[in-house]
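*Asks:* Take a look at the following structure, please.
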Amino acid sequence: MMARMQKLLLAALLIAGPCAADNDETAAAELDVNSRYTIESVHLMGVASARISDPLRKELDKVIGSRYDDSALKRLADRIKGELRASDVRIRAERGTEPDHLIVNFEVKTHEQPFDLNVAKFLYQSREGWSGEGNAATTIGGNRFTFGLLSNGDDLVERFAGLRAGFERKRMGTDRLRLRFEFDSFHEQWNRATLDRSSLHDLYRSRQVFTPEATFAIAPPLELSFGASFARFQPMADAKTESSNAVVTTLRYHRRWGSARDLEQQEVSGAYSLSAATGVLGSDSIFTRHFARARYFVRRHRNRVDLAFLAGSLHGNAPLYERFVLGNSTTLRGWDKFALDPLGGSHVVHGSIDYQYGFFHVFYDTGAVWDRSQDREQKQSAGAGFKVEGFQLAVAFPIRGGRAEPVFYAGLNF
C-alpha cells in the first residue's frame, strides 16, 4: 500500500513540476514579446500628473520612443509610489495607435481616507481678532463631498461667517477633466469705518453663492477652469434681494522641481482670473473683474525664499466683496486695511518677499490699493517671526514716518 502511494505522489510531482515551469516560461515569454514593442506614450492614472516633480516627469518622458523594459518601468513605478506616497502603483500596457507600439499606464492608488477633518485657517490678528475655517470631507467612489464652517474677518472688507458645502467629481471620463459645485451661505458684519463711508444700499446682511465649475488639464503644468457664479444678497436698506451673476474663468500654471525630501526644491505658480457679470444672466450688478497672481519659491537646505506678486482691476458696479483689500495677514502685513481703504479698491498691486532660515522668518511687503489713479499711494511694511508647517508667530510694522504701531499674528493660515 505504501509503495503504491509513493508512486502516486511521485507522479503528481512530475505533473506539477512541468506546469509550474510552464507558468514561469509563459510570463517570461510575455515580457520577451513586450520588449519588442516601442513605447508610444506614458500616462499617470488616478492622480494629476502635475503632482510629480519635474525630474521624475523628465524620466517618464525619456522612455517614450524606447523599447519596453519591464525592470526600468518598475523602477519608475517605485519612484512614483515614493514621491506621491501612494499605496500602490501598477503598470498596465495596452495596444498603441501605431503597429508595434504600446501605451504604458501607471495606475496610482492613493491613501484615500473615508473621512477627513482639517483646519484651513485658525489665525489671530491683534487688530481684527480671530478668523477660522474648518472643513470635513469624504470621498466615495471618486466623488468628494466637503462641508465647512468659517468666520473670516481677514480676507475681505467685511467679516463673513457661515457655511460652505461642495461636491467634486475628480474624473469625468478622463483624468484631464473634473467637475466641482460649491454653495456658500454667509452673514456679514461691518467695521465702523466702512459704515461711515458707505450708504446702506451698498451694504448687505447676508449673501448666498452657488458656483458650478469645470476644470480641464490642458497640459501637465497648465489647467483651465470655467463656470459661473450665481450670488444673491440682501441689502440693508431694502427688503428686495439683489443678484450678482457672472461668468468666471481661471487659467492656472504650476510647476515643481524636487520635493520636500530633496535638498533643493523650486516651485513656480501663476493664475489669471476673469469674472464678468452681465444682464444676460439676470445680474443686477454689471462689472468685469481681472485678477492675476504669481509666486516663485526656492528652498536650498534650510534656506527658503518666497516671492509673490498680485494685481487686479475692477470695472463697473460690483458688490463690496468683489473689491480688492490690502492690509491683512498676507498683504501689506502691519497695515490696517480700513485705514488704507475702508471700502476696498477697484485697483490693486502688491509684491512681497519672504525669507526663512529654519524656523526664523522675515518678510517685506509693498503695494497700493486705489480707485482713482491720482489717489494711488505706495505703502510698505516689514516684519519678523517664526514659521513652521503652516503655523506662524510674527509681528509686522508699517513703514512710515511718525509712530509705528505693530500688528501681531499667531496661528495657522494655509
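No value in this document is a laboratory result; all are computed from the given coordinates. Only a predicted model underlies this, so the values are computations on that prediction, with no experimental measurement involved. Neighbour counts are summed over all protein chains in view; Cβ atoms, including those assigned to glycine, are modelled from backbone coordinates with ideal geometry.
*Asks:* Once R0 is set to 35 Å, what does the formula 1/(1 + (r/R0)^6) return for the Cβ-Cβ distance between Thr278 and Arg75, expressed as a FRET efficiency to the nearest 0.05?
*Replies:* Computed FRET efficiency for Thr278 and Arg75 comes out at 0.05.
*Asks:* Gln189 versus Thr110, label points 7 Å from Cα toward the beta carbon: distance in nm?
*Replies:* Using points 7 Å along Cα→Cβ, the separation is 3.5 nm.
*Asks:* Through the Karplus equation 6.51 cos²θ - 1.76 cosθ + 1.60, θ set to phi - 60°, convert the phi angles of region 285-291 into ³J(HN,Hα) values in whole Hz; use x for Gly and Pro.
*Replies:* Computed from phi, the couplings for region 285-291 are 8, 10, 7, 10, 10, 10, 8 Hz.
*Asks:* To the nearest 20 Debye, how big is the dipole of region 75-205 about its Cα centre, given +1 on the beta carbon of each Lys and Arg and -1 on that of each Asp and Glu?
*Replies:* 300 debye
*Asks:* Using +1 at the C-beta of Lys and Arg and -1 at the C-beta of Asp and Glu, which of Phe167, Thr194, Gly227 has the Cα lying farthest in the positive direction of the dipole of the chain?
*Replies:* Positive-end residue among those listed: Thr194.
*Asks:* Would you calculate, for the chain, the mean residue ellipticity at 222 nm contributed by helices, counting each DSSP H stretch of 4 or more residues as -39,500 (n - 2.57) and dividing by all residues, to the nearest 500?
*Replies:* Estimated from H runs of four or more residues: -5000 deg cm²/dmol.
*Asks:* Let's test the formula: R0 of 25 Å, r as the Cβ-Cβ distance of Arg127 and Val362. What FRET efficiency results, to the nearest 0.05?
*Replies:* 0.75
*Asks:* With unit charges on the beta carbons (Lys and Arg positive, Asp and Glu negative) and the dipole taken about the Cα centre of the chain, which residue among Asn152, Gly345, Gln380 sits farthest to the positive side?
*Replies:* Farthest towards the positive pole: Gln380.
*Asks:* Between Phe408 and Asp175, take the C-beta separation as r, use R0 = 45 Å, and let me know the FRET efficiency to the nearest 0.05.
*Replies:* Efficiency for this residue pair is about 0.50.
*Asks:* Also: Residue separation times 0.36 nm, minus the C-alpha to C-alpha distance between Ala382 and Thr330: what's the value?
*Replies:* 17.5 nm
*Asks:* Given +1 on the Cβ of Lys and Arg, -1 on the Cβ of Asp and Glu, and no further charges, what dipole in debye does the chain carry about its Cα centre, rounded to the nearest 20?
*Replies:* So the dipole magnitude of the chain works out to roughly 500 debye.
*Asks:* Hey, in the GNM for the chain with a 10 angstrom Cα cutoff, which one of Thr249, Thr38, Thr215 fluctuates hardest?
*Replies:* Highest fluctuation among the options: Thr38.
*Asks:* Given bins 10 angstrom wide, list per bin the percent of all Cα-Cα distances in region 307-364, short to long.
*Replies:* With 10 Å bins starting at 0, P(r) equals 21, 46, 23, 9, 1.
*Asks:* What whole-number distance in Å separates the alpha-carbon centres of region 280-310 and region 142-211?
*Replies:* 18 Å
*Asks:* Another one. Starting from 0.36 nm per residue, how many nanometres of slack lie between Arg372 and Gln208 once their C-alpha separation is accounted for?
*Replies:* Value of the extension gain: 56.0 nm.
*Asks:* Considering all alpha-carbon pairs of the chain, what whole percent are spaced by more than 29 angstrom?
*Replies:* Counting every Cα pair in the chain, those more than 29 Å apart make up 58 percent.
*Asks:* Along the Cα→Cβ direction, 7 angstrom out, place labels at Trp257 and Ile64. What is the inter-label distance in nm?
*Replies:* With each label point 7 Å from Cα toward Cβ, the separation is 2.0 nm.
*Asks:* Quick one: putting +1 on the C-beta of Lys and Arg, -1 on the C-beta of Asp and Glu, what dipole do you get for region 257-380 around its Cα centre, in Debye to the nearest 20?
*Replies:* 340 debye
*Asks:* Please express the Cα-Cα pair-distance distribution P(r) of region 224-376 as a list of whole percents, one per 5 Å bin, running from 0 to the bin with the greatest distance.
*Replies:* 2, 8, 14, 15, 16, 15, 12, 8, 5, 3, 1, 0
*Asks:* Given Cα pairs under 8 Å that are at least 6 residues apart, what percent is the relative contact order of region 321-414?
*Replies:* 24 percent
*Asks:* I've got another one for you. For the chain, give the share of DSSP beta bridges that are antiparallel, in percent and rounded to the nearest 5; count only bridges with both residues there.
*Replies:* 95 percent
*Asks:* So how compact is region 76-130: Cα radius of gyration and Dmax in angstrom?
*Replies:* In order Rg, Dmax, the Cα atoms of region 76-130 give 21.1, 68 Å.
*Asks:* What percent of all Cα-Cα pairs in region 198-303 falls into each 5 Å bin, going from 0 up to the bin containing the maximum distance?
*Replies:* Once binned at 5 Å, the Cα pair distances of region 198-303 give 2, 11, 15, 15, 14, 11, 10, 8, 7, 5, 3, 1.
*Asks:* A follow-up question, please. Could you name the lysines whose alpha carbon sits less than 24 Å from that of Lys81, not counting residues in the same chain fewer than 8 places away?
*Replies:* Here the lysines satisfying the reach criterion relative to Lys81 are Lys58, Lys62, Lys109, Lys170.
*Asks:* Among Phe297, Gly316, Ser244, which residue has its Cα positioned farthest towards the positive end of the charge dipole of region 199-342, with +1 placed on the Cβ of Lys and Arg, -1 on the Cβ of Asp and Glu, and the dipole taken about the Cα centre?
*Replies:* Going by the charge dipole, the pick is Phe297.
*Asks:* At 7 Å along Cα-to-Cβ for each site, give me the label-to-label distance between Ser87 and Arg302 in nm.
*Replies:* If labels sit at Ser87 and Arg302, their model points lie 3.8 nm apart.
*Asks:* Also, quick follow-up: What percent does the relative contact order of the chain come to when contacts are Cα pairs within less than 8 Å and at least six residues apart?
*Replies:* Across the chain, relative contact order equals 10 percent.
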